[in-house]
1. Cβ contacts < 6 Å: first residue over 9 Å from B:Ala66 (Cβ atoms) and among the hydrophobic types (A, V, I, L, M, F, W, C), restricted to region B:15-38; second residue open to solvent by less than 50 Å² (accessible area, probe 1.4 Å) and part of a helix (DSSP H, G or I), any location; separation 6+ or different chain. Result?
2. Of the residues in region A:62-106, how many are exposed (fewer than 15 other Cβ atoms within 10 Å of the Cβ) and of a type in the set (D, E, K, R)?
3. Having 1 or more residues that are over 30 Å from A:Tyr211 (Cα atoms) is the bar; report the helices (runs of 4 or more DSSP H) wholly within chain B that clear it.
4. If you take the residues of region B:50-67 that are at pLDDT below 85 and either open to solvent by 70 Å² or more (accessible area, probe 1.4 Å) or touching a Cys at 6+ places or on another chain (Cβ under 7 Å) (or both), which of them is farthest from the other protein chains (Cβ to nearest Cβ)?
5. Which of the numbered conditions does A:Pro182 fail, given that it passes all the others? Conditions: (1) more than 18 Å from A:Ile80 (Cα to Cα); (2) assigned to a helix (DSSP H, G or I).
Amino acid sequence: MTTDQVILWQWKFISLNYTIIYTWGVMIFLTIFSALITRNLSEDINMSRWQNLLEIIVFGIENQIMEISLQNPRKYISFIGTLFIFISISNLLIIIPGYYPPTASLSTTAALALCVFVAVPVYGISEIGFIGYLKNYTRPSVFNLPFNIIGDISRTLALAVRLFGNIMSGNKVVAIMLSIAPLIFPVFIQLLGILTGLVQAYIFAVLAMVYIASATRIQRKT
Amino acid sequence: MGDISLIGVVSIIMAGLTIAVGSIAPALGEAKAVAQALQSMAQQPDEANTIARNLFVGLAMIESTAIYCLVVSMILIFANPFWNYVIAQAAK
């Protein structure tokens with residue numbers, strides 16, 4: 001059903017499947033790409049076009065974070081920017097034949113959602129303190145405590161399943177179209193898949209930022 | 001009708017029903033949200049960026065109910081635990 005089940009190499013209980021290989025592939029690609037560009041940066045106006053590309057991406061993400069959280073974006077860009085770039089690149093690379101997006105497997109998306117689940121209290125505690133963060137759970141009244149806890153867990157589940165469902169269903173529809181009308185139509189479905197992949201990456205990053213912003217915002221007593 | 005065919009029939013019918021019924025409400029909800037957002041954008045073009053961003057986030061929230069239905073019907077078709085159990089029992 002997923003790329004988890006295509007096992008390339010196995011030794012005792014360690015096995016390499018497509019998900020692990022393509023995840024590491026995307027990571028190595030991103031790392032080498034950025035390392036090569038940032039090796040010689042220039043501060044004046046005569047910069048390389050690749051540096052210009054990276055600056056556009058970073059400034060775009062910074063602006064979005066600033067508009068959503070109304071705080072200094074430098075604290076969050078390392079986490080939110082990494083989420084957005086990793087998910088969007090791993091979704092966009094489906095234009096390469098033979099590539100299966102690692103986000104079409106529930107294990108990858110669950111790991112990303114768990115990162116958000118851990119990052120929210122970490123940022124919240126570092127920003128407003130342990131007591132202040134715990135007090136957030138009892139707003140607007142003490143009776144909301146169980147609902148806030150349930151909400152924390154269910155939104156993590158929703159993050160994981162939403163990304164997984166969108167990407168996996170895109171792949172499935174392409175496979176079904178290949179068996180029905182294999183000439184041109186799968187190309188259009190894949191174009192739609194690229195669009196939804198980018199939108200889902202954006203939504204994942206924005207939702208993570210919204211959750212972090214709601215945990216770090218200092219609540220005024222009314 | 002034995003256990004195997006009964007489970008197969010019920011799984012297939014329920015997979016279709018799940019995605020059919022489960023996509024009605026999110027479709028109506030998304031239509032309402034998009035219509036309202038377009039109207040607001042027409043009235044206040046300056047706020048189009050903010051409205052579009054919040055629209056995307058809201059659409060993702062609404063859409064996730066449909067995605068849950070899709071995942072359930074996919075599980076029923078491709079990775080049905082009851083079907084696997086019955087097949088394993090029959091093989092013994």
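The values are calculated or read from the model by the stated rules, or taken from the named source; none is laboratory data. Quantities reported herein were computed from a predicted structural model and do not represent experimental measurements. Cβ coordinates were reconstructed from backbone atoms using ideal geometry, including for glycine residues, and neighbour counts include every protein chain displayed. All accessible areas refer to the heavy atoms of the entire protein, side chains included, with ligands and DNA or RNA removed. Shrake-Rupley method; radii C 1.70, N 1.55, O 1.52, S 1.80 Å.
1. These pairs meet every condition: B:Ala15/B:Ser73; B:Ala15/B:Leu76; B:Ala33/B:Gly58; B:Ala37/B:Ile51; B:Ala37/B:Leu55.
2. Adding up the residues that qualify gives 2.
3. Helices (runs of 4 or more DSSP H) meeting the threshold: B:3-22, B:48-78, B:81-91.
4. Looking at residues that are at pLDDT below 85 and either open to solvent by 70 Å² or more (accessible area, probe 1.4 Å) or touching a Cys at 6+ places or on another chain (Cβ under 7 Å) (or both), I get B:Met61.
5. It fails just one condition, (2).
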